[in-house]
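Heads up: the structure comes next, in structure tokens.
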Amino acid sequence: MGGYILKRLVSAIPVLLGITVIVFLIMALIPGDPATAILGSYATPENVDRLNRHLGLDRPLWQQYFVWVGNLLQGDFGRSFALNRPVLDEILDRFGATLVLAGTAFMLCAIIGIVAGVVSAARQYRFADKAITAAVILGISVPSFFLGMMMILLFAVKLRWFPVSGMYSMFGGGDLADLIRHLAMPAIALSLVATGVVARLSRAAMLEVLRLDFVRTARAKGVPERRVIWGHALRAAMVSIIPVLGLQAGFVLSGAVYIEIVFQWPGIGRMLVDAILKRDILLVQGGVVFVAACYVGFNIVVDVVQAWLDPRIKT
Amino acid sequence: MSLFLRLLFRNRLAGFGAVVLGIIVVMALVTPLLPLHPPNVTNTANRFLRPLAEGHLLGTDHLGRDLLSRLLHGTRLSLAVGFAAALIAAVIGAAIGIVAGYAGGRTDNVTMRGVDMLMAFPYILLALAIVAALGPGLMNALIAVAVVNIPFFARNIRGVTVSISHREFVDAARLSGLGPLRIILTEVLPNVVPVIVIAMSTTVGWMILETAGLSFLGLGSQPPQADLGSMLGEARGALITAPHTSIVPGVMILLIVMSINLLGDGVRDALDPRLRSGALARPMAATLVDRKAPAPPARTEGLLTIDDLRTDFRLGRRTAHAVGGVTLAIRPGECLGLIGESGSGKSVTALSVMGLVASPPGVITGGAVRLAGEDLVGAPYGRLRDLRGNRVAYIFQDPLSTLHPLYRVGDQLAEAIRVHHAVSRAEAGERAIKLLVDVQIPNPRARIGAYPHQLSGGMRQRVGIAMALSNDPDVLIADEPTTALDVTVQAQILKLLDDLRRDRGLAILFITHDFGVVAQLCDRVAVMYAGRIVEEGPTQEVLDAPAHPYTARLIACVPELGTGRRRLEAISGLPPNVDDLPPGCAFAPRCDKAQPECRQGEIPLEGGVRRVRCLYPETHLPETELEAAP
Ligand code: SF4
């Protein structure tokens, strides 16, 4: 297993390099002169030149790339001009909030999605299956930002069960209970689409597995039906559910951008959108690379879990 | 095509989706012709009018603009942008996929590496990066969404192209000297277009949602122009005071995306042949029982008796009578061979005993299965579960697929014990080791931790047998347990079963298609054809002088008893289709001795210890045996 983990880690290096190349190339598309963009149209030519030299923009593209990657590796993501602080500091400050939100939503989508999918498959064509299928269709069609707004209207404004927005109360909050109260709505709104997708694929995976011979063997042994479904069949279906979860993590992370805006959650998604609107290029660049790298790391974890669950994979 | 449309509309939800989407698209198309307020004219005096206000059916927004008009124009814009993004992504993605798939080799490798890199991003990060570079704006959002979706198309289309470019017609075109471009355009493209269309139908909803999302963030359409996303984004500020300005565009996005999703699901289902035949139905815990007549009285004596058992497969409108009235009996310590071609109903008979026939589609429609006198057809699930693996145990054909691939064999054995006996984990583990010793697996302490794929075929089947023995059953039902094994291993397994039967007094029902195996192991044999028993009797007598022409052919097929691995399919003619059997003898179409009478009425199974269902048997069975009938 240790060897397999190492192998996966090594295989991530080219992917990470690829990510930096792609981000770098996209940023090189910026029309006109970035220094002018940063300094605004009233900048003097001398200032523009100075900034260009300072940013290394007078050198050939490939040199700029290596300088940039070299800096990234040393933890130097550059400076955000809009916030006037190092990009990495800002990212690290914001990342925790996103991790809490996306992590919670991910757990919700994994647990609820799998349970719903299994129940749906086990009760195929019965009421529970039809109800879950209908909920799934609705769930995967609601834009999460619209759902978030409607939840605010109903649960925060009308019923006053949850606070409207933010991560902690302005006064007197700050403990775990306060966090959970603030987290509930955005996490649910964020998880809904992914829950639907996971439920749908879990149902399909279970239906595939339930027809296999070893399920009949379990029944022939006299294993109670509950154990056949939640033990034998689910265990085998997990092998095809896990990769879906890995993919859904990307969707949850993506959806977090909208949800952070709607619920004013102080996470990295909101930071990115603000940075784009303020044309704070280095902050966008750093944020994108950072989150993409985390996602690559998460997918390694998914692969390792998969290998651990399925002894047939050569480790 | 018409079949496709019928299937699509038989799925009511898909039909609903098509209708809703159709209405929305038509409305969007005719919007410029409708007598609407201009969408961008502000009138701050009329801010936030509620829906149904005079002259403004859906009310007005924060600048007093007519919401209905803005909604329709916004819908128009959102649909156009979404479809455009889908089209761009499809065209570029397909082009990349076709070139990579057709060229193969290095080109393919490098291109697909690049595509994988793009897929390593959570999709929105890439879209945000592109918008950040190009600047906010609807056109740029469109480009971003299209680019983000290119990898999806490239991957799918490449896969299809690779499989197509190895087909004969492409090779033929290549040999006839056509250039690659011609081949791609004339041979490959027509075959990938359907895949492109399906991929588009499943993603266009997403793309509409994604562009709306970017606009919602303020990175898409810029004021005063508004698509649905930016309408929602602008309305967010007044969410609490004027919720209708948010609800109107939000519900429209929901309707569009949902109708596209429903339609897309319907398209996929209509194209997926497995869903049509209902093959994806999950088998239930026990076979359904729909017994019209009361259970027939027990006609024979034995530990396990089967009387006039009938099991059907209900496949849509067709019903196949897989088992059409089978009567059998097994006494303690006896081994009964049940032999027949595949499709003869022998396995279904065996599985019906403990209600293990997959249902749907299987249904037991008549007869009785009695274990020590207790009728099990229609017994409650709890009772069946108590007996399964406990008093009646099964061994199946292919131990690689019948053992759970992800559980250690020791755990699978221990579980078989623990579901019927309250013993500790450790104790069950010890017993599992003993079982492995009983089935002569060397080094059982080490093997207990192995997964099935780590064992040889013979070892796996020994594990299967050990599992069947784990609760000391009275009856063992072995469904072709040696078919998947090679001849030497087969002989070892048969020997093992024979020893176990003698040591433990097991009654065995042995399902096979090989008379050689029957000769080695079974006291009596029953021959099955088209769901019914055609001959039954003591093995040696049947072998020496088969009465039914079918049995005679089967025996003639075995070159040398015990070594023959020849399949029954060697008999000329095909086994009959059990959904529509001709009247009279089912074997008549393949029988050399068939006479007109054979095709007329029902032919009974007659005789005593030896019985045969034939008007002109090969061997005349002496009448005296009638008295010795069991
Ligand atoms: S009944 Fe007639 S057709 Fe059938 S097996 Fe006997 S002889 Fe052949």
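The values are calculated or read from the model by the stated rules, or taken from the named source; none is laboratory data. For clarity, every value in this text was computed on a predicted model and none was experimentally measured. Heads up, the Cβs are rebuilt from the backbone with ideal geometry, glycines too, and the neighbour counts pull from every protein chain shown. Accessible surface areas use protein heavy atoms only, side chains included; no ligands, DNA or RNA. Shrake-Rupley method; radii C 1.70, N 1.55, O 1.52, S 1.80 Å.
Taking every DSSP beta bridge that has both ends in the protein assembly as shown, the antiparallel portion is near 60%. Per-residue packing, averaged as other Cβ atoms within 10 Å, sorts the ranges B:128-136, B:261-269 into the order B:128-136, B:261-269, beginning with the highest. Residue ranking by accessible heavy-atom surface, 1.4 Å probe, largest first, among A:Leu6, A:Leu190, B:Leu581 comes out as A:Leu6, B:Leu581, A:Leu190.
The heavy atoms of B:Arg418 offer some 90 square angstrom of accessible surface to a 1.4 angstrom probe. Compared with its chain on its own, the range B:355-395 contains the following residues whose accessible area drops by 30 Å² or more in the full protein assembly (probe 1.4 Å; ligands, DNA and RNA excluded): B:Leu356, B:Tyr381, B:Arg385, B:Arg388. When only alpha carbons are used to place a centre, the range B:35-67 and the range A:263-315 end up 42 Å from one another.
Note on B:398-406: average number of Cβ atoms from other chains within 10 Å of each residue's Cβ is 6. In the elastic network of chain A, a GNM with C-alpha springs shorter than 10 Å, the most mobile of A:Val15, A:Val209, A:Val273 is A:Val15.
The heavy atoms of A:Val289 offer some 10 square angstrom of accessible surface to a 1.4 angstrom probe. Relative contact order, whole percent, for chain A stands at 27, derived from Cα pairs under 8 Å and 6 or more residues apart. Residues whose amide H lies under 5 Å from that of B:Gln600, counting only those 5 or more places away or on a different chain, are B:Cys585; hydrogens are built 1.01 Å from N in the peptide plane. Taking Cα atoms only, the orientation of helix B:12-30 departs from the longest principal axis of chain B by about 20 degrees.
The distance between label points at A:Tyr4 and B:Leu52 comes to 6.3 nm (points 7 Å beyond Cα on the Cα→Cβ vector). Exposure check, 1.4 Å probe, all protein chains in place: B:Lys434 carries approximately 130 Å² of accessible surface.
Between B:Ser347, B:Ile96, B:Ile465, the Cα set farthest toward the positive side of the dipole of chain B (charges on each charged residue's Cβ, about the Cα centre) is that of B:Ile96. Projected label points at A:Arg59 and B:Tyr616, each 7 Å from Cα along the beta carbon direction, are separated by 9.8 nanometres. Between A:Asp274 and A:Val164, the C-beta separation translates, for a Förster distance of 22 Å, into a calculated FRET efficiency of about 0.65. Here the range B:421-489 and the range B:523-549 have alpha carbon centers that stand 31 Å from each other. For the range B:201-246, a reduction of at least 40 Å² in accessible area between the chain on its own and the assembled protein chains (probe 1.4 Å) is found at B:Trp206, B:Leu209, B:Phe216, B:Leu217, B:Leu219, B:Leu232, B:Arg236, B:Leu239, B:Ile240.
Legend: calculated FRET efficiency, B:Leu5 to A:Lys130, from the Cβ-Cβ distance at R0 = 22 Å, rounded to 0.05, equals 0.35. Of all segments of chain B bounded by GluC sites (Glu not before Pro) found in a DSSP loop with no more than 12 other C-beta atoms within 10 Å, the longest spans B:302-559. Taking 0.36 nm per residue of sequence separation and removing the Cα-Cα distance, the B:Asn109/B:Arg425 pair yields an extension gain of 108.7 nm. The relative contact order of chain B comes to 11 percent, based on Cα pairs under 8 Å that sit 6 or more residues apart. For the residue pairs B:Lys346/B:Lys434; A:Lys130/A:Lys221; A:Lys130/A:Lys158; B:Lys434/B:Lys495; A:Lys130/B:Lys292; A:Lys221/B:Lys346, the alpha carbons lie more than 27 Å apart in B:Lys346/B:Lys434; A:Lys130/A:Lys221; A:Lys130/A:Lys158; A:Lys130/B:Lys292. Distance between the 7 Å Cα→Cβ label points at B:Leu581 and A:Ala184: 6.4 nm.
The trypsin sites (Lys or Arg not before Pro) of the range B:294-394 that meet both conditions, a loop assignment by DSSP and at most 13 other Cβ atoms within 10 Å of the site Cβ, are B:Arg317. As a fraction of the 1.4 Å probe accessible area of the protein assembly as shown, surface on carbon and sulfur atoms comes out at 62 percent. Note on the protein assembly as shown: the C-alpha convex hull projects to 50.3 nm² when averaged across all orientations. Using only side-chain charges placed at the Cβ, +1 for Lys and Arg and -1 for Asp and Glu, the dipole size of chain B relative to its Cα centre rounds to 1740 debye.
For the range A:42-175, what is the accessible area per residue in Å² when the probe is 1.4 Å? With the other protein chains kept in place, the range A:42-175 gives 57 Å² per residue.
Could you sort the residues of the range A:1-33 by number and keep only those whose accessible area is reduced by 40 Å² or more in the all-protein-chain setting relative to the chain alone, 1.4 Å probe? Buried-area filter returns A:Ile22, A:Ile26. Across the range A:121-136, coupling constants 3J(HN,Hα) worked out from phi with the 6.51/-1.76/1.60 Karplus curve, θ = phi - 60°, read 5, 5, 9, 3, 6, 8, 4, 4, 5, 5, 5, 5, 4, 5, 4, 5 Hz, and Gly and Pro carry x.
Relative contact order, whole percent, for the range B:320-386 stands at 25, derived from Cα pairs under 8 Å and 6 or more residues apart.
Relative to the current alpha-carbon distance between B:Arg331 and B:Arg383, full extension at 0.36 nm per residue lengthens the span by 16.5 nm. Roughly how large is the A-B contact in terms of buried accessible area, totalled over both chains, probe 1.4 Å, nearest 100 Å²? Chains A and B together bury roughly 6800 Å² of accessible area. Counting only protein heavy atoms and a 1.4 Å probe, chain B has 42 square angstrom of accessible area per residue.
For chain B, the longest principal axis of the C-alpha atoms and the axis of helix B:457-469 are separated by about 70°. Applying both filters, DSSP loop and at most 16 other Cβ atoms within 10 Å, to the trypsin sites (Lys or Arg not before Pro) of the range B:165-225 gives B:Arg167. Applying both filters, DSSP loop and at most 10 other Cβ atoms within 10 Å, to the chymotrypsin sites (Phe, Trp or Tyr not before Pro) of the range A:130-227 gives A:Phe171.
Averaged over peptide A:267-276, the number of partner chain Cβ atoms lying within 10 Å of each residue's Cβ comes to 3. The mean accessible area for residues of the range A:184-230, using a 1.4 Å probe and ignoring ligands and nucleic acids, is 32 Å² per residue. Put simply, the amide H of B:Tyr394, placed in the peptide plane, has neighbours under 5 Å in B:Gly389, B:Ile477, leaving out anything fewer than 5 places away on its chain. Here's how it looks for B:Glu618: its modeled amide H is under 5 Å from those of B:His548, which are all 5 or more places away or on a different chain. A simple rule links phi to the HN-Hα coupling: the Karplus curve 6.51 cos²θ - 1.76 cosθ + 1.60 with θ = phi - 60°, which for the range B:227-234 gives 8, 4, x, 6, 4, 5, x, 5 Hz, with x for Gly and Pro.
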